[in-house]
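The values are calculated or read from the model by the stated rules, or taken from the named source; none is laboratory data. Treat the numbers as computed from the prediction; the structure is a model and nothing was measured. Counting neighbours? That spans all protein chains shown, and the Cβs are built from the backbone with ideal geometry, glycine included.
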Amino acid sequence: MAIRNIVKEGDEILTKVCRPVTVFDARLQTLIEDMKQTLAKSNGVGLAAPQVGVLKRLVLVLDDDDETVLVLINPEIVAAEGTQTPTEGCLSVPGIWGKTVRPAKVTVRALNEKGEEVTYTRTGITAVCFCHELDHLDGHLFRERVTEYVHYDD
């Protein structure tokens, strides 16, 4: 297992649409484990495969409910309701923060690392992460959704 480099804004891979995962093999498991280590090292709350240079529909989201890492393969949002206006940042856009408008409650259906269907419904930061990370799979960065930038003094 290895910590992977996080691709930064400006790299065209972050603008590409990712391909569905069709093979659940040792290479996929290695990618998942590498992404878990990379996420933990970066102190992030979510990570999408294109952020480590891989155009596959795979994201990891730190579940705010119990601090576990949810592995979401070929995820899709199947329900969303309400709104919230979080302040978001991104590991691929270091040092930039901005207010966005996201659903308050999100249900995602995906496959887990074993290829089994899973469904998660979450609110708060986890709901934001679902939306943020799935945006990456379609080549979008959170900056496209920013309504107001937030500046923090170091």
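Checked against the criteria, ALA48 counts as in contact with a His (Cβ under 8 Å, 6 or more places away or on another chain) and at pLDDT 95 or above.
Scan the stretch 3-45 for residues that are without any contact (Cβ under 8 Å) to a residue 60 or more places away in the chain and under 14 Å from the mean Cα position of the chain (by Cα) and the total you get is 8. When the stretch 121-154 is limited to residues that are touching a strand residue (DSSP E or B) at 6+ places or on another chain (Cβ under 6 Å) and polar (S, T, N, Q), the one that is surrounded by the fewest Cβ atoms within 10 Å (Cβ to Cβ) turns out to be THR147. The combined condition, being small (Gly, Ala, Ser) and surrounded by fewer than 19 Cβ atoms within 10 Å (Cβ to Cβ), is fulfilled by GLY89. What about VAL128, is it farther than 15 Å from ALA79 by Cβ, out of contact with any helix residue (DSSP H, G or I) (no Cβ under 9 Å at 6 or more places or on another chain) and β-branched (Val, Ile, Thr)? So VAL128 fits the description; yes.
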